[in-house]
Amino acid sequence: MPDVVPDIPPLARLIQGGRGGGTRLRLYLLLTMIAPRPVRHPQPADPDDAGTDAGPAAGTGPRRITSNMKWLADNHFIKLTRRPGQTPSIQLLDPLWSDKPLPPEISKPMGDPRRGRYVSLPIGFWSNGWLLYLSPVAIAVMLALSELLGGSKVPRYMLRDRRESYALSHDSWTRGRHELEASGLLTVKRVPQGDDWDYTRLRNSYWLEISPLDRALPTEAAS
């Protein structure tokens with residue numbers, strides 16, 4: 001196990017660094033979908049098409065994948081195992097810097113209370129292109145709200161300390177929230193907290209509607 005564990009939560013670390021962070025988050029989420037067990041290092045079939053999701057110049061895609069794979073390995077999100085004459089194999093690791101493989105069945109507690117909560121998304125998030133359509137910040141806010149609302153049947157509000165625990169800045173949270181609302185994935189309402197005997201204040205209540213992820217992207221995404 002590494003000697004120094006970062007104070008910044010894994011999700012926030014993934015989106016740091018501008019465009020590079022966006023590539024890392026998307027790449028990592030793609031790996032979580034396809035790699036519960038070790039798989040081969042992805043290799044773009046056509047270098048000219050390799051990075052079209054993020055818009056780099058032609059031919060830079062393979063280098064970006066390689067550099068971000070290295071970042072994920074250096075930061076203990078994955079383990080790369082070299083194989084003579086082949087691309088490395090990839091093993092997902094517990095993102096809490098334990099250097100232990102991520103259990104294939106993460107829905108089952110593994111003796112660690114931190115493993116007791118998890119989030120899931122419909123397969124349409126990947127197959128319908130939402131992974132590329134949503135910005136990394138919007139994806140991060142969606143994952144944070146998924147964790148907050150897990151198991152809840154009604155909207156909930158998020159206290160400041162809970163939001164700050166994700167280490168997402170106020171600006172990032174606001175931008176991600178508005179993008180999710182515009183995409184039809186989030187409803188935010190102002191609701192009072194307290195009663196007639198207490199000082200009543202308004203808070204934002206959040207409700208995620210993830211069923212659109214199983215449908216095609218909004219019309220404007222194709223333009």
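Key figures for this structure:
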| item | result |
| --- | --- |
| Any hit, the stretch 202-215, residues being within 20 Å of Arg156 (Cβ to Cβ), modelled with pLDDT of 90 or more and assigned to a loop (DSSP other than H, G, I, E, B) | yes |
| Enumeration of residues in the stretch 152-196 that are among the hydrophobic types (A, V, I, L, M, F, W, C), assigned to a helix (DSSP H, G or I) and in contact with a strand residue (DSSP E or B) (Cβ under 8 Å, 6 or more places away or on another chain) | Leu180 |
| Residues of the stretch 31-64 satisfying the condition of being of a type outside the set (Lys, Arg), in contact with a helix residue (DSSP H, G or I) (Cβ under 7 Å, 6 or more places away or on another chain) and either closer than 21 Å to Gln16 by Cα or modelled with pLDDT of 60 or more (or both) | Met33, Gly51, Asp53, Ala54, Pro56, Gly61, Pro62 |
| Tyr133 closer than 25 Å to Asn204 by Cα, among the hydroxyl-bearing types (Ser, Thr, Tyr) and either at pLDDT below 85 or surrounded by 14 or more Cβ atoms within 10 Å (Cβ to Cβ) (or both) | no |
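The values are calculated or read from the model by the stated rules, or taken from the named source; none is laboratory data. Remember, predicted model here, so these are calculated numbers, not experimental data. Note that each Cβ is placed from the backbone with ideal geometry, even for glycine, and that neighbours are counted across all protein chains shown.
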